[in-house]
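All of the numbers you see were taken from the coordinates with simple rules; none came from a lab. Predicted model, so just to flag it, every value in this text is computed and none were measured. Here the Cβ positions follow ideal geometry from the backbone for every residue, glycine too, while neighbour counts run over all protein chains shown.
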Amino acid sequence: MSVPRTPHLAVDCALFDEDHRVLLITRKNPPYQGCLALPGGFVAIGEQVEDACRRELMEETGIVAQDLTLLGVYSDAARDPRGHICSIVYVGSSSNLEPHGGDDAVSAEWIANWRERELAFDHWEILEDAERFLFGA
């Protein structure tokens, strides 16, 4: 049996602190190099998606996720200029609230005014959904 050609699989993590600031990275690489984005990346072969989310969060921000809850799947074929990439998005909490950039992130920081910023991919839509899910906003 031949394997069908399918979209690539990624994860993103939406973390908010007690002041409703969101954890964002500044992307090191294209696409959207220099733009703010949610921590995330591609799922490795053999890796569970929740584990990929924890790994990407740690690699890009130094933050260890405690509880992760599935927010949803974002699968618009036009969401990423590199091709059809589906992202499984989690929301969560953390015990380490001092982020630092690493791996594919130039920096990582808690941002209060994310609605006033340009965000990569469809991360603005994801954050709106995450806020409604977490805070009923």
Top positive-direction residue, dipole computed over the chain with Cβ charges, set 72, 108, 41: 41
Using a Förster distance of 25 Å, the FRET efficiency for residue 21-residue 104 (Cβ separation, nearest 0.05): 0.70
For residue 94, distant residues with modelled amide H under 5 Å away: 66
In Hz, Karplus ³J(HN,Hα) per residue of the range 117-125 (6.51, -1.76, 1.60; θ = phi - 60°; x = Gly, Pro): 10, 7, 10, 6, 6, 10, 5, 5, 4
Alpha-carbon centroids, the range 1-33 and the range 67-137: separation in whole Å: 6
The chain - percent relative contact order, Cα under 8 Å, separation 6 or more: 31
Correct choice for Cα Rg over 2.2 N^0.38 Å that was computed from the model, options [x] 1.86; [y] 1.00; [z] 0.95: [y]
Charged-residue dipole, Cβ positions (Lys, Arg, Asp, Glu), the range 8-135 about Cα centre, Debye nearest 20: 260
Folded to 0 to 90 degrees: helix 49-61 orientation relative to the chain principal axis, Cα: 50
Of the trypsin sites (Lys or Arg not before Pro) in the range 1-88, those whose Cβ has at most 14 other Cβ within 10 Å and which sit in DSSP loop: 5, 82
Residues with amide H under 5 Å from that of residue 101, placed H, sequence gap 5 or more: 108
Sites excluded, GluC sites (Glu not before Pro) in DSSP loops with at most 16 other C-beta within 10 Å, longest stretch of the chain: 48-117
Two-site label geometry, residue 82 and residue 117: point separation in nm, points 7 Å out along Cα→Cβ: 2.0
Amide H partners (placed H, <5 Å) of residue 35, local residues excluded: 27
The chain, helix-only ellipticity at 222 nm - DSSP H runs n ≥ 4, -39,500 (n - 2.57), divided by all residues, nearest 500: -6000 deg cm²/dmol
